Amino acid sequence: MKRLVLTRPDDWHVHLRDGKIMWDVLPDTAHRFVRAIVMPNLTPPITSVELARMYRERILFSIPRLSRFTPLMTLYLTDNTSVNEVRRAKNTDFIYAFKYYPAGSTTNSDSGVTDLRHIGNVLAEMEKQEIPLLLHGEVVDRNIDIYDREAIFIDRHLCSLIKDYPGLKIVFEHITTKYAADFVWESSDKIASTITAHHLLLNRNDLFSGGIRPHHYCLPILKREEHRVALVKAATSGNRKFFLGTDSAPHYQQNKESACGCAGIYTAHAAIELYAEVFDKAGAIHNLEPFASFNGPDFYGLPRNQDYLTLEKQIWTVPEFFSVGEERVIPFRAGETVAWKIVDNE
Ligand code: DOR
Ligand code: ZN
């Protein structure tokens, strides 16, 4: 039996949502991860320190007893975010980053930034205060093919962003292409990237295998196999610029299985186990620990976790669904198996 003891990991990008769904999804994240960067795309979005403070309180109130889980809060950038908000955020001990959603790019992004030039002062202040910028790196131009949106974002926006704010720490989140992986690999130490388990495990054929698969629909959308292979290479390389960010994003079944289904894949129930599968298959299980537990805190300038988690190569079956009151959430691999299991979790 293969066994792996690793420093307990963190999730550097997760959607915990709010209200009753949060009560049901939070234990999955808190069971696996010590800390998580919490996305602010609620309705209304978390745009101020005050809203983040209250959201954090609600999360802390929902955490299972005895869990030491710590939410790391983020603020949602809008065209109206002020320089003062950046200073206020810096003065807290619970806000760790600002999140850029191009307006209209994904779930609850309508209040996002319409043009990066509108937040020039804010980015300059973040650079000065050393607060990282988290990027949903896609252009939203309707004339651009959905499969090209990430690559074009790099050419149109990311290159100039890096040039204009050379001291700004940037996390290019949930990258999906070889182009993005290569770009991050070759950039300065200020630029890092999260990679999801689903983008390491699926390619765009999985959106249509045997019929349309709404539970494989996420944004940025799954890409060709050659891109998945490049992401696996980056994640499993041990390179410190790449780290774990699940982008676990629960939606109710009826909102996914709909004429206009929501983007988002729920992976928190098996997150570290799915990454272990990928790393094992790539012959790089020894590099799971830097990816999952070291590179993230090192980039953010936070201490590495001190306790351990034990995984074993042991097959288990994912439930068909999770209930949230009357509603259901369909998890990734519903009714199918996962090859690794958590066996000890101090
Ligand atoms: O698939 C996604 N789901 N991508 C995002 O960027 C947002 C997320 C969500 O909030 O559902
Ligand atoms: Zn996300």
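The values are calculated or read from the model by the stated rules, or taken from the named source; none is laboratory data. Please read these numbers as outputs of a predicted model, since none were measured by experiment. Cβ coordinates were reconstructed from backbone atoms using ideal geometry, including for glycine residues, and neighbour counts include every protein chain displayed. Accessible surface is based on the protein model in full, side chains and every heavy atom, while ligands, DNA and RNA are left aside. Shrake-Rupley method; radii C 1.70, N 1.55, O 1.52, S 1.80 Å.
So the values come out like this:
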item: Estimated vicinal HN-Hα couplings, Hz - the range 57-65 in sequence order (Karplus 6.51, -1.76, 1.60; Gly, Pro = x); result: 4, 5, 5, 4, 5, 8, 5, x, 4
item: In range of the label at residue 206: residues from the range 257-285 whose backbone nitrogen is under 17 Å from the point 7 Å along Cα→Cβ; result: 263-283
item: Amide H contacts of residue 114 (H built 1.01 Å from N, under 5 Å, at least 5 apart or other chain); result: 79, 103
item: Estimated vicinal HN-Hα couplings, Hz - the range 114-131 in sequence order (Karplus 6.51, -1.76, 1.60; Gly, Pro = x); result: 7, 7, 4, 5, 5, 10, x, 5, 5, 5, 5, 5, 4, 4, 5, 7, 6, 10
item: Sequence-distant lysines (8 or more away, or on other chains) whose Cα lies within less than 16 Å of residue 223; result: 178, 233
item: Cα-centre dipole for the range 9-304 with unit charges at Cβ (Lys and Arg positive, Asp and Glu negative), debye to 20; result: 420 debye
item: Taking the range 9-304 and dividing mean pair separation by its residue count, relative contact order in percent (alpha carbons under 8 Å, at least six apart); result: 17 percent
item: Highest to lowest packing among 316-327, 180-191, 15-26, scored as the average C-beta count within 10 Å; result: 15-26, 180-191, 316-327
item: Partners for residue 2 among lysines (Cα-Cα distance below 21 Å; same-chain residues under 8 apart left out); result: 281, 313, 341
item: Accessible solvent surface per residue of the chain, calculated while the other protein chains remain in place, 1.4 angstrom probe, Å²; result: 42 Å²
item: Fully extended contour minus Cα-Cα distance, from residue 254 to residue 2, at 0.36 nm per residue; result: 86.8 nm
item: FRET E, pair residue 164, residue 225, Förster distance 30 Å, beta-carbon r, rounded to 0.05; result: 0.30
item: Fraction of antiparallel bridges per DSSP, the chain only, in percent to nearest 5; result: 40 percent
item: With every protein chain in place, the chain: carbon and sulfur % of accessible area (1.4 Å); result: 49 percent
item: Cα gyration tensor, the chain - rounded (a/c under 1.5), prolate or oblate; result: rounded
